[in-house]
1. Using only the alpha-carbon atoms, how far is helix 18-27 inclined from the longest principal axis of the chain? Give it as 0 to 90 degrees, nearest 10.
2. Between K58 and T34, what length in nm is gained on full extension when 0.36 nm per residue of separation is reduced by their alpha carbon distance?
3. Identify all lysines with a Cα-Cα distance to K55 below 24 Å; exclude those on the same chain that are fewer than 8 residues away in sequence.
4. What's the longest piece of the chain with no exposed trypsin sites (Lys or Arg not before Pro), counting a site as exposed if DSSP puts it in a loop and it has at most 11 other beta carbons within 10 Å?
5. What 222 nm value per residue comes from the helices of the chain, counting each DSSP H run with n ≥ 4 as -39,500 (n - 2.57) and dividing by all residues, nearest 500 deg cm²/dmol?
6. Can you give the extra length, in nm with one decimal, that the chain gains between R25 and K3 once fully stretched, where that is 0.36 nm per residue apart less the Cα-Cα distance?
7. Select from the chain those GluC sites (Glu not before Pro) which occupy a DSSP coil region and have at most 12 other Cβ atoms within 10 Å, ordered by residue number.
8. Please pull out the direction-averaged projected area of the chain, using the convex hull of its alpha-carbon atoms, in nm² to one decimal place.
Amino acid sequence: MNKLASEARKRLKPLIDKRFAEGQRAYFKEEINTIGVRTHEAIRVAKLVLKENKKATKKEILEAVDALFA
């Protein structure tokens, strides 16, 4: 996993809400893979990680996104 993805996962981990994740899974008819982090919190973490890694290339950022959604 690349550096950006591992940093994002590390920062998202304390924000996980298992009850929220259960609610997300119940809402969708199909099976989804969710960790239970609210969108505004995930966006805040993404902005922070990118701000701290300003020299990250577009390729590195896209690889991090792929790793996070895998």
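1. So the inclination is approximately 70 degrees.
2. On the way: separation 24, 0.36 × 24 = 8.64 nm, distance 2.49 nm.
Residue separation times 0.36 nm, minus the Cα-Cα distance, leaves 6.1 nm.
3. Hits, sequence-local ones excluded: K3, K10, K47.
4. On the way: sites that count: K29, K54, K55.
The answer is 1-28.
5. Numbers: 4 runs with 46 residues, N = 70.
Calculated from helices alone, the mean residue ellipticity at 222 nm is -20000 deg cm²/dmol.
6. On the way: separation 22, 0.36 × 22 = 7.92 nm, distance 2.87 nm.
Gain on extension, R25 to K3, equals 5.0 nm.
7. Working: sites: E7, E22, E30, E31, E41, E52, E60, E63; in loops: E30, E31.
Answer by residue number: E30, E31.
8. Working: hull surface 19.7 nm².
In nm², the orientation-averaged hull projection of the chain is 4.9.
Bear in mind these aren't lab numbers, they're just calculated from the coordinates by the rules spelled out. What you see is a predicted model; the values in this text were computed from it and never measured. Virtual Cβ from ideal backbone geometry, glycine too; neighbours counted across all protein chains shown.
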